[in-house]
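A.B. asks: Dropping the structure in here first, questions after.
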């Protein structure tokens with residue numbers, strides 16, 4: 001381990017921030033997109049199927065979890081783009097800390113996701129969503145969401161390192177939709193055919209959504225899911241984090 | 001050996017593929033020694049192993065076996081020490097395309113652990129030196145090919161490396177871009193930097209390198225100064241294009257060289273032969289053709305092409321085998 005892990009990671013994070021400054025439209029689009037989905041499901045499509053209580057109280061936590069899950073594709077796209085450009089060769093031929101490229105990536109993505117959460121929560125409040133459960137519950141919920149995003153981030157990095165081609169990113173961009181929707185983000189499992197409801201309840205994202213609803217006192221919240229919402233992302237991290245780091249180091253084999 | 005900046009002994013590299021038929025031998029026992037402070041050309045066709053060699057030397061790729069030392073450090077066990085001492089100009093621009101020129105240079109300066117101010121000063125120097133001073137905020141992706149290459153070169157010089165690798169630095173550039181890169185490389189020579197340059201063009205190696213290693217199928221098949229290599233191929237050549245292909249046979253007999261050395265291309269009505277004394281050969285051939293009443297469309301002197309040097313060298317190798 002080099003003494004420069006922190007400085008190099010910070011330099012790489014600032015590189016991502018410089019990209020934002022260069023591409024403000026892209027940043028705005030990525031923030032607006034989940035808001036669009038929220039409005040679409042809230043007003044156009046959503047019927048609050050079998051939800052006990054206002055649908056918006058059910059929907060907003062679901063959308064927060066869904067947005068964290070969709071972050072996977074952004075991470076995968078960015079890493080794939082980097083890998084397919086010559087610049088990664090320059091990074092790897094320089095005496096920088098091993099993990100800095102990946103740490104910089106995750107720091108920037110986490111920051112973007114945090115901003116995304118703030119925007120989405122703001123829009124949710126404007127739509128009439130009224131979270132309960134106090135400051136502690138609120139912070140806990142945000143923590144669970146970011147933890148889930150962090151796990152998705154490393155899944156995304158690993159996918160990019162394994163697949164490594166822009167076509168594969170496209171495939172994943174399509175696949176996150178059914179996987180994301182196979183959850184309780186938008187509708188309760190009770191409103192689904194039995195087997196589907198079972199699949200949906202096992203989706204790690206559903207655990208996060210249920211725990212967040214529980215902490216914020218909304219409909220669809222069930223106590224006892226917080227541990228699962230912690231355990232699932234941690235389990236994903238235990239698998240994908242070392243794989244991704246090893247894979248990145250071994251690029252030269 | 002204190003005077004060697006790069007030592008490669010018996011380097012092998014085979015690219016993956018689970019079945020034997022998918023495996024590709026990129027380096028097959030390559031040996032190379034580059035003297036400190038010189039420009040060394042590695043010349044060879046596509047697929048000869050040039051890029052693999054550069055990637056191994058710059059710690060991007062691990063050799064399967066063999067000894068590889070750069071600046072006195074082993075690329076496998078002391079990769080970090082190597083990275084402190086090298087600059088790399090790969091075949092594809094190793095730049096952040098979204099950022100501007102200055103931002104790129106500052107980024108690489110910071111990653112070389114220069115302080116913020118130092119990195120900024122260095123970026124300014126390099127922009128000035130490579131004539132990129134007024135590119136403003138324009139992102140690199142909007143640069144011309146020549147500008148991009150110059151910035152790439154500047155990026156590989158952020159810390160004044162001891163050893164600089166240039167992997168086909170002018171492939172894909174127009175003549176102007178090529179001239180720009182050549183003059184930039186020349187300006188480095190004399191500063192004590194060791195340069196290893198790969199190229200497909202004999203002319204480029206000739207222009208820039210003091211010593212050339214010719215590489216084929218993952219091995220060095222010849223090395224020497226550009227002049228030594230060319231004279232081994234028979235030096236300059238004379239090309240004669242006739243109006244009438246029917247006269248090719250008669251013309252071969254007139255050329256002032258043994259018949260065995262003349263190559264004939266009937267479709268192009270072309271004779272080609274090696275010559276030693278350029279001007280004498282030219283006037284003798286023209287006179288002989290005139291006297292024999294053979295009509296020539298074109299007579300020209302030229303240097304051997306890489307193909308010829310190459311065919312000659314590989315041919316000689318096969319005979320020796």
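Computed from the coordinates by the stated procedures, all read-outs in this text should not be read as laboratory data. Model, not experiment: these values are computed from the prediction. Cβ sites come from the backbone with ideal geometry, for glycine too, and all protein chains shown count toward neighbours.
A.B. asks: Once you place label points 7 Å from the Cα toward the Cβ at residue B:243 and residue A:179, how far apart are they in nm?
C.D. replies: Result for the modelled spin labels: 7.5 nm.
A.B. asks: So if we plug the beta-carbon distance of residue A:45 and residue B:144 into 1/(1 + (r/R0)^6) with R0 = 56 Å, what FRET efficiency do we get, rounded to 0.05?
C.D. replies: It comes to 0.70.
A.B. asks: Report the label-to-label distance for residue A:17 and residue B:225 in nanometres (one decimal), using points 7 Å from each Cα along the Cα→Cβ vector.
C.D. replies: 5.6
A.B. asks: If Rh is defined by the Kirkwood formula over all Cα pairs and Rg also comes from Cα, what ratio Rg/Rh do you get for the stretch B:236-302?
C.D. replies: Result for the stretch B:236-302 is an Rg/Rh of 0.90.
A.B. asks: What are the semi-axes of the equivalent ellipsoid of chain B, taken as the square roots of 5 times the eigenvalues of the Cα gyration tensor, listed largest first and rounded to whole Å?
C.D. replies: For chain B, the ellipsoid semi-axes come out as 43, 25, 17 Å.
A.B. asks: At a Förster radius of 25 Å, what calculated FRET efficiency corresponds to the Cβ-Cβ distance of residue B:64 and residue B:19, to the nearest 0.05?
C.D. replies: Working from the Cβ atoms, E equals 0.90.
A.B. asks: Averaging over every viewing direction, what projected area does the convex hull of the Cα atoms of the stretch A:163-228 cover, in nm²?
C.D. replies: Its Cα hull, projected and averaged over all orientations, spans 5.6 nm².
A.B. asks: How do B:206, B:96 line up, fewest other C-beta atoms within 10 Å first?
C.D. replies: B:206, B:96
A.B. asks: Here is a follow-up. Using Cβ contacts closer than 10 Å as the measure, can you line up B:151, B:301 from fewest to most?
C.D. replies: Fewest-to-most Cβ neighbours within 10 Å comes out as B:301, B:151.
A.B. asks: With 10 angstrom as the radius, rank B:110, A:90, B:120 by how many other C-beta atoms surround their C-beta, starting from the fewest.
C.D. replies: The order, fewest Cβ neighbours first, is B:120, B:110, A:90.
A.B. asks: To continue, here is another question. Rounding to the nearest 10 and keeping the result within 0 to 90°, find how far the Cα-based axis of helix A:100-126 lies from the longest principal axis of chain A.
C.D. replies: 20
A.B. asks: Relative to the longest principal Cα axis of chain B, at what angle does helix B:101-111 sit, 0 to 90 degrees, rounded to 10?
C.D. replies: On a 0 to 90 degree scale, this one is about 60.
A.B. asks: What percent does the relative contact order of the stretch B:236-302 come to when contacts are Cα pairs within less than 8 Å and at least six residues apart?
C.D. replies: 50 percent.
A.B. asks: Can you figure out the FRET efficiency of residue A:119 with residue B:284, using R₀ = 56 Å and their beta-carbon distance, to the nearest 0.05?
C.D. replies: Once the sixth-power term is evaluated, E becomes 0.10.
A.B. asks: Ratio of the stretch A:5-252's C-alpha Rg to 2.2 N^0.38 Å, to two decimals?
C.D. replies: Normalised by 2.2 N^0.38 Å, the Cα Rg of the stretch A:5-252 equals 1.03.
A.B. asks: Ignoring everything except DSSP H segments at least 4 long, calculate the 222 nm mean residue ellipticity for the protein assembly as shown; use -39,500 (n - 2.57) per segment, divide by total residues, nearest 500.
C.D. replies: Helix contribution divided over all residues of the protein assembly as shown: -17000 deg cm²/dmol.
A.B. asks: With axes computed from alpha carbons, what is the tilt in degrees of helix A:134-163 against the longest principal axis of chain A, rounded to the nearest 10 within 0 to 90?
C.D. replies: Here the helix axis deviates by roughly 50 degrees.
A.B. asks: Using just the Cα positions, wrap the stretch B:1-96 in a convex hull and report its mean projected area in square nanometres, one decimal place.
C.D. replies: Quarter of the Cα hull surface area: 7.4 nm².
A.B. asks: Give me a single rounded figure for B:111-118: the average over its residues of other chain Cβ atoms within 10 Å of their Cβ.
C.D. replies: Partner Cβ neighbours, averaged per residue: 3.
A.B. asks: If you project the alpha carbons of the protein assembly as shown onto the principal axes, what extent comes out on each, in Å, largest first?
C.D. replies: The principal-axis extents, from largest down, are 108, 53, 48 Å.
A.B. asks: Let me ask something else. If contacts are Cα pairs under 8 angstrom and at least 6 residues apart, what is the relative contact order of chain A in percent?
C.D. replies: 29
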